[in-house]
Amino acid sequence: MVDPGGSGISDERSDAIRSLETEFGELIARMRHLISENAQRLSPGLLPGGYKTFTTIVRRGGITSSALAEVLLADKGQISRTVRDLEQRGLVVRTPDPDDRRSQLISATEFGLERLAATRAPQEGQLTAALEEWSVDDIRTFSRMLHALTAGVRP
């Protein structure tokens, strides 16, 4: 049956989308909690935004402040303060950008990488355990579809 509001979306599809939205809300709440816990394990007093910034730096290997602000959709001033805090904690270091000497690359220190590994250790097996009953094909399909949803493309 088509929605009486004239949107052209069936009640069944609308209910399915609402259900997906609810599950995403639950996932986001769980991820926020996990990020807060990880921030405290990484460095007591570190805010969740600092943890997100640090893990983005680790994933990128080396990144400029402006690129980091773009990736995180954040204000450059906030990024600068957060990077300074991470630097004071010994988690990151700035070095001249070999491609542009006017810029600096921000990268994780060895200490930062060690702390991150220790921080993540308690959750290492949780996703593996949660997906234990899933087939490899189901995991790949879910990953592909989640990527498509995130990227806004058709799966």
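Quick notes
- Test: residue in the stretch 108-119 that is surrounded by 11 or more Cβ atoms within 10 Å (Cβ to Cβ) and within 24 Å of Thr150 (Cβ to Cβ): yes
- Pairing residues of the stretch 18-38 that are in the same structural domain as Thr55 (by TED's automatic domain parsing) with residues that are assigned to a helix (DSSP H, G or I) and surrounded by 11 or more Cβ atoms within 10 Å (Cβ to Cβ), at Cβ distances under 6 Å and at least 6 apart in sequence or on separate chains, gives Ile35/Pro48; Ile35/Tyr51; Ser36/Pro48; Asn38/Tyr51; Asn38/Thr119.
- Pairing each residue of the stretch 55-73 that is under 17 Å from Ile35 (Cβ atoms) with any residue that is among the polar types (S, T, N, Q) and outside any helix (DSSP H, G or I), provided the two are 6+ apart or on different chains, yields C-beta distances under 8 Å for Ile57/Ser107.
- Test result for Arg102, more than 18 Å from Ile35 (Cβ to Cβ), outside the structural domain of Thr56 (by TED's automatic domain parsing) and among the charged types (D, E, K, R): no
- Set side by side, the residues Ser135, Ser103 differ, and just one is among the small types (Gly, Ala, Ser), surrounded by 13 or more Cβ atoms within 10 Å (Cβ to Cβ) and over 24 Å from Leu47 (Cα atoms), which is Ser103.
- Scanning the stretch 39-54 for residues that are without any contact (Cβ under 8 Å) to a residue 24 or more places away in the chain and assigned to a helix (DSSP H, G or I) turns up Ala39, Gln40, Pro48, Tyr51, Lys52.
- Number of positions in the stretch 108-155 that are hydroxyl-bearing (Ser, Thr, Tyr), outside the structural domain of Arg60 (by TED's automatic domain parsing) and under 18 Å from the mean Cα position of the chain (by Cα): 2
- Test: Thr95 is assigned by TED's automatic domain parsing to the domain that holds Leu20, loosely packed, with under 12 Cβ neighbours inside 10 Å and β-branched (Val, Ile, Thr): yes
- Top-ranked residue of the stretch 63-91 - restricted to ones that are surrounded by fewer than 16 Cβ atoms within 10 Å (Cβ to Cβ) and touching a strand residue (DSSP E or B) at 6+ places or on another chain (Cβ under 8 Å), ranked as farthest from Ile106 (Cα to Cα): Val71
- Here Arg120, Arg144 are screened, and the one residue that is in contact (Cβ under 8 Å) with a residue 40 or more places away in the chain and under 21 Å from Arg59 (Cα atoms) is Arg120.
The values are calculated or read from the model by the stated rules, or taken from the named source; none is laboratory data. All of these numbers come straight from a predicted model, not from anything done at the bench. Here Cβ is always computed from backbone atoms with ideal geometry, including for glycine, and neighbour counts include all displayed protein chains.
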